[in-house]
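Below is one structure; the comments refer to it alone.
The values are calculated or read from the model by the stated rules, or taken from the named source; none is laboratory data. Treat the numbers as computed from the prediction; the structure is a model and nothing was measured. As a convention, Cβ positions derive from the backbone with ideal geometry for all residues, glycine included, and neighbour counts pool all protein chains shown. Only protein heavy atoms, including side chains, enter the accessible area calculation; ligands, DNA and RNA are left aside. Shrake-Rupley method; radii C 1.70, N 1.55, O 1.52, S 1.80 Å.
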Amino acid sequence: MKMQAEVIREGELEKRSDSLFQLWKKKLDSLSLFPDGHKRAKGKELGFGSILKVDCVERTGKYIYFTIVTKDRKEIDFRCPDQSCWNASITMALIDFQNKRAIQDFKSRQEMEQAAGTQERRLARAP
């Protein structure tokens, strides 16, 4: 069952282009970040499962600059107005996602170990 993805933040956000001139482009749509398998119709989509970390946070008088580093080591540079706190919202949501995934992985390992132990006990009792 798929849950509807929750929008973490909407508002002004600029992304540095990958072109030679590396111009800042305003994103009119929101940057949608959500757990794997959840998609929205428009805007830039980036699953939390593909994000390694939010890095290089720098504050100037007008903007906060930050970089999202993906698991394949791609760096995506963003800037937002100083008071909008995009970087903090993304970082907190990423930590929440990673914690939930770690708990899920732990529970899955426990269930597999319990199932393997039950199977071993059955085999040990067999004549």
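For first residues located in the range 91-117 and surrounded by 10 or more Cβ atoms within 10 Å (Cβ to Cβ), partners that are part of a helix (DSSP H, G or I) and not polar (S, T, N, Q) and lie 6+ apart or on another chain with Cβ distances below 6 Å form the pairs LEU94/PHE48; PHE97/PHE48.
Consider ALA88 carefully, then state whether it is among the small types (Gly, Ala, Ser) and either at pLDDT below 85 or within 25 Å of SER19 (Cα to Cα) (or both).
Details: among the small types (Gly, Ala, Ser): yes; either at pLDDT below 85 or within 25 Å of SER19 (Cα to Cα) (or both): no.
When the stated conditions are applied, ALA88 does not pass them.
Identify, from the list GLN22, GLN4, the residue that is more than 18 Å from ASN87 (Cα to Cα), loosely packed, with under 13 Cβ neighbours inside 10 Å and at pLDDT 65 or above.
After ruling out the rest, the residue left standing is GLN22.
Residues in the range 68-78 that are open to solvent by less than 40 Å² (accessible area, probe 1.4 Å) and in contact with a helix residue (DSSP H, G or I) (Cβ under 9 Å, 6 or more places away or on another chain): 3 in all. Quick one: how many residues across the range 52-84 are assigned to a loop (DSSP other than H, G, I, E, B) and touching a residue at least 24 places away in the same chain (Cβ under 8 Å)? Selection size over the range 52-84: 1.
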